[in-house]
Each structure stands twice: as structure tokens, then as C-alpha cells.
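Laboratory data are not the source of any read-out in this text; all were calculated from the coordinates shown. The model shown is predicted, which means the values in this text are computed figures rather than measured ones. Every residue, glycine among them, receives a Cβ derived from its backbone with ideal geometry; neighbour counts consider all protein chains shown.
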Amino acid sequence: MFIYGKNPVKDLFMKNTSLIKRIWIEKKRHQSFYNDLTNSNIKIYYFNEFKLKWGEFKGHENFQGIIAEIEEPKIYGLLELIRKNKDNNKTLFLILDQIEDPQNFGAILRNAAAFNVDGVIYPSRSAVGLNSTVMKTSSGNWMNVDLCETSSLNQVIDTLKKEGYWIISTTSDSTSSLDSIKELNQPKVIILGNEGKGVRKSLQNKSDFKISIEINKKVESLNVSSALAIILHYIK
């Protein structure tokens, strides 16, 4: 896996150097950072040696003279994530239902880290996964949130309900207020829907609560990450 750009790579170097396998860098452009790298055990290569043979990078131009190959990030299994938080009645997980835009996924991770969300669960199909754009957009906060990838969100919700979690969907036709959600003292899960379609009905039907944010009727909707920030600020 690769990440690129000055700030994402420097953030990773400062926070978790052990994840970095090797770096390609424009020495003259980033002389100070290059000097820091030479004092580490990271393999360093000149940026012009990097061949764009990985499909993930085709068409990208904003590398900013730095690309790093990294170890695969830790991805939790659902039961592992539940066990890690079993003694916390304030646990809050997010479920991302078919989020397709990597910019949105990255912004969601940034918001999740800002408000101390305990885990973000996303599907392995029909959605964007953890990639270089997501990492870059998250401003390094992909390292600050526990991630869980699953093949079935329906099964995830069923398991979480059995474990005592309240399931909350974000919808345009809410039946519950944010006040009522804030007062819940049990572990909670908030489901965020696809950018165009929202939360699927099959997941809404499994939810204990449906919530929305009141906004000016002249505005059709908020960006999913913006809506999440408002909700988390209110209920955390």
C-alpha cells in the first residue's frame, strides 16, 4: 500500500515510523525531511526512480515529491472490535453504508478521530475502501481510529444488537430527536448512508432509531461528513 503527499507521509513518519517500508523523495524539494529520513532505518530512493506502474497512482499528479510504501494498516474483525470495547458503556461505532467517495471517507475518519469514535465499520464491496486518497484526505487520522471491514453489514448489525448496542440510522424522515439519542447510556452505532441514496431500507428496518438534522428547507441536504460532525458534536 502507498501514501503520497508531503503532510500525509510526514505525519506517518512522526506518529508511526515502523509502518513505513520505503520512501521515494525529491531531495532538493524536501531537504530537511530528507535529512530526518537519513537518521532512520527507512529505505530511501530518489523520486525520479519511482515508476508509476501501480494502477492506484495512474492519473495522479499531486504527489508533492514524496511517496511512501507502507505496511498494511490494522483492520479489526467485528468480534475483536467488540471485545476491545466491552467494558465501555459509552462506546460509539460508525457504520458506513456504501460510501463511494474517498474524499467523504477520509473526512469521516477525520471527524471520527476528532470526536473519539471507537470504531468505523465499512463494507468490503460496493464502497470505497481504505486507499491512498482516503488516507490523504483524513489528514493522518486513519491511524487514530479503529477500522473494521466486513462482507455483510446486515450481519454486523444483527451481532451488535445481540451485544446490546442501540442502532441509529441517519435518514431524511427521522422518528427520533438528537436529544433522545444523547440520553442513551448504552453503546451506540450510527449508520451513515450512501451519498446519493442514503441508508438502505434493509438497514433502516433493523434500526432502533432514525435521526436527521433540521436544516433550511431551501437546502436539499448536507454532505455526509458535515452531517456527521454536527451529530457527533451534539451527542458525544
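Below are the figures for this structure:
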| read-out | value |
| --- | --- |
| Length released on extending from VAL219 to THR159, taking residue separation times 0.36 nm less the Cα-Cα span | 18.0 nm |
| Modelled label reach - ALA114, point 7 Å along Cα→Cβ, the range 1-16 residues with backbone N closer than 20 Å | 7-8, 11-12 |
| Sum of side-chain charges, PHE115 neighbourhood, beta-carbon under 15 Å (Lys, Arg +1; Asp, Glu -1) | +3 |
| Footprinting exposure proxy for THR170, THR159 (fewest neighbouring C-beta atoms within 10 Å first) | THR159, THR170 |
| Order of ILE191, ILE235 - criterion: other Cβ atoms within 10 Å of each residue's Cβ, fewest first | ILE235, ILE191 |
| Point-charge dipole on Cβ atoms (K/R +1, D/E -1) for the chain, about Cα centre, debye to 20 | 360 debye |
| Normalised contact order of the chain, rounded percent, pairs of Cα under 8 Å and 6 or more residues apart | 20 percent |
| Reachable aspartates and glutamates, given that their alpha-carbon falls under 18 Å from the alpha-carbon of LYS206 and they are not under 8 places away in the same chain | ASP97, ASP158, GLU163, ASP173 |
| Theoretical ellipticity at 222 nm over the chain - DSSP helices of four or more residues, -39500 (n - 2.57) apiece, nearest 500 | -8500 deg cm²/dmol |
| Percent of beta bridges antiparallel (DSSP, the range 75-235, rounded to nearest 5) | 5 percent |
| Charge tally in the Cβ shell below 9 Å around TRP166, where Lys, Arg are +1 and Asp, Glu are -1, TRP166 excluded | +1 |
| Pairs from LYS74/LYS210; LYS74/LYS136; LYS6/LYS43; LYS90/LYS182; LYS90/LYS210; LYS188/LYS210 whose Cα-Cα separation, in the structure shown, is over 22 Å | LYS74/LYS210 |
